[in-house]
Amino acid sequence: MDSEDDMLDANDSADDDFYSGGEAGLGGSDDGDADYDFADHDSDDSAELLSHRQQQNYSILSEADIQQRQEDDINRVSTVLSISKSEACVLLRNYNWSVSKVHDEWFADEEHVRKVVGFPEKLIEMPNDRELTCGICFENCPCTSMSAAACGHPFCSACWRGYISTSINDGPGCLMLRCPDPSCTAAVGQDMINSLADDEDREKYGRYLRRSYIEDNRKTKWCPAPGCEYAVEFVMGSGSYDVNCNCSYGFCWNCTEEAHRPVDCATVSKWILKNSAESENMNWILANSKPCPKCKRPIEKNQGCMHITCTPPCKFEFCWLCLGPWSEHGERTGGFYACNRYEAARQEGAYDESERRREMAKNSLERYTHYYERWAANQSSRQKALGDLLSLQNDKLEKLSDIQSQPESQLKFIIEAWLQIVECRRVLKWTYAYGFYLPEHEHAKRQFFEYLQGEAESGLERLHQCAEKELQVYLEAESPSKDFNDFRTKLAGLTSVTRNYFENLVRALETGLNDVGPSTSHGTCSKSATSKSLGSKSKSSKSRASSTSSKTGGSSRGVDESNIWTCDQCTYANPRSARNCQACNNQHR
């Protein structure tokens with residue numbers, strides 16, 4: 001929201017009708033019927049979306065891609081330094097597979113590099129005797145069954161196989177294997193592994209080598225999805241950290257958690273820790289229970305009278321209100337449902353501190369529960385949307401193609417709509433973590449945030465309903481529907497407008513809602529911080545945001561309407577300070 005050029009001006013097209021529910025369309029009537037003017041654009045929208053998605057700052061690597069890149073790097077180093085491929089592989093492993101770093105270090109001080117990685121200055125040949133003594137089993141073996149690394153220390157093939165197999169089974173440390181001689185640091189290369197190890201060990205060594213290429217390289221990481229074998233190469237300093245793997249899992253390159261824009265990695269870390277921490281259990285115990293006066297075990301009272309009996313073996317009987325022994329209670333103290341002693345002590349301030357702590361814990365727990373339930377609800381909705389998308393791709397799309405007599409290539413707009421629903425559910429989910437950590441004292445930002453969140457929820461629900469319920473009508477039809485093209489236009493338009501709104505919502509939250517004015521009592525926005533940044537609003541958007549918020553968990557508060565006026569011509573919401581509409585330049589009356 002740094003400038004108006006950064007925002008997609010939804011008012012330049014009929015997209016606005018969709019986000020505003022079609023209640024105040026350009027050139028439309030006021031009877032509530034939207035004029036969905038998206039004909040001639042639906043195929044272009046799909047191509048535009050695909051083009052947008054291809055502008056990514058990362059590459060997905062399969063196992064074959066990884067192996068090819070690894071071999072290319074090894075060949076490059078081998079050629080430039082005039083060394084064997086096995087030695088080039090050892091060098092690259094020691095310098096985290098950085099070709100440039102290997103070249104720099106080698107040409108700066110070749111002798112030092114050789115010493116570090118275990119390359120003798122001169123290749124030492126084994127003695128050319130008929131028989132040699134193995135340095136491990138001390139058996140005399142024919143020279144043809146003996147092998148040695150570049151250091152020339154001879155060992156029999158059986159001992160080499162046992163040594164290599166044990167090292168490989170111990171884990172990735174086998175990639176830094178050295179000569180078995182305790183006093184020698186000569187490196188054992190992949191050529192010796194391939195010639196001496198059995199097939200299983202060679203395969204395992206190759207896997208360790210490929211994993212090393214990804215895990216030791218700063219520019220590559222494995223996809224964190226369970227069972228996924230793809231890796232990702234990322235272009236550092238190129239903007240967003242969001243990565244979408246070929247396995248359909250989206251994650252953050254920086255922290256490898258699930259993709260979480262617009263929330264930063266530090267907030268995600270705090271939120272996940274809070275969801276799994278024992279602190280919330282303690283808050284619940286403090287807010288909803290009291291300790292037994294005798295054994296101190298927490299007791300929850302959810303109904304009944306004030307007479308409490310602790311569980312065995314304690315069995316202490318006490319009053320729930322004042323925590324005194326029940327033997328001292330009776331009709332004179334208020335009976336089973338009241339306690340005069342507690343009321344008297346409370347008036348004297350005896351229970352102020354404990355009540356205050358309990359009340360604070362209860363408020364904190366209720367606030368956390370509010371945000372967590374809605375965070376989890378959107379996650380659940382996202383998972384269901386993913387299931388619906390999979391079902392559509394595997395079965396329903398072909399069925400719809402047969403019913404409507406249209407090729408599947410012309411039904412891609414439905415897939416794009418569901419992909420957008422899945423992405424928007426993810427964004428909406430993380431806005432609740434954003435709201436939880438938004439400072440309470442920043443009233444203007446909180447008010448504006450809740451307004452934007454409500455608008456986003458409303459727009460997404462409209463798209464979701466169209467893609468789910470309205471599509472079902474055409475799936476259940478027995479013959480081609482005359483108004484199917486109208487449905488195509490409507491769904492493509494809703495997809496486009498919802499995408500624009502959420503992209504700009506993410507941008508606004510990532511900048512910390514900087515366009516919100518300094519006022520702390522009202523949601524005042526600066527001149528550039530208007531709903532133009534997020535898509536045009538209809539005349540009824542304030543009430544819709546309010547009703548949506550109460551229904552889906554957002555706050556029922558809207559932006560202070562005294563600071564906004566709505567254009568009669570295009571329904572654009574302008575700041576009070578603007579004399580002309582910033583969308584159509586219509587003069588404010």
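The values are calculated or read from the model by the stated rules, or taken from the named source; none is laboratory data. Quick caveat, the model's predicted, so the values are computed rather than measured. We work out accessible area using only protein heavy atoms, side chains counted, and drop any ligands, DNA or RNA first. Shrake-Rupley method; radii C 1.70, N 1.55, O 1.52, S 1.80 Å.
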Mind checking the full-extension length gain between HIS370 and ARG178? Use 0.36 nm per residue of separation minus the Cα-Cα distance, one decimal, nm. 63.3 nm
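Wrap a convex hull around the Cα atoms of the range 172-259, take a quarter of its surface area, and give that in square nanometres.
On the way: hull surface 31.7 nm².
Hull-based average projected area comes out at 7.9 nm².
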Please report the projected area of the range 59-222's Cα convex hull averaged over all directions, in nm². 10.1
How high is the relative contact order of the range 59-222, in percent, counting Cα pairs under 8 Å that sit 6 or more residues apart? 21
For the range 96-193, what is the accessible area per residue in Å² when the probe is 1.4 Å? 57
Computed over the Cα atoms, what is the radius of gyration of the range 358-479 divided by 2.2 N^0.38 Å, N being its residue count? 1.39
If you count only protein heavy atoms and use a 1.4 Å probe, how large is the accessible surface of HIS153, to the nearest 10 Å²? 60
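How large is the convex hull of the C-alpha atoms of the range 433-502 per residue, in Å³?
Dividing the Cα hull volume of the range 433-502 by its residues yields 82 Å³.
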Take every Cα-Cα distance within the range 468-512, group them into 10 Å bins from 0 onward, and report for each bin the whole-number percent of pairs it holds. 23, 35, 21, 15, 5, 0
Largest to smallest accessible area among ILE415, ILE272 [probe 1.4 Å]: ILE272, ILE415
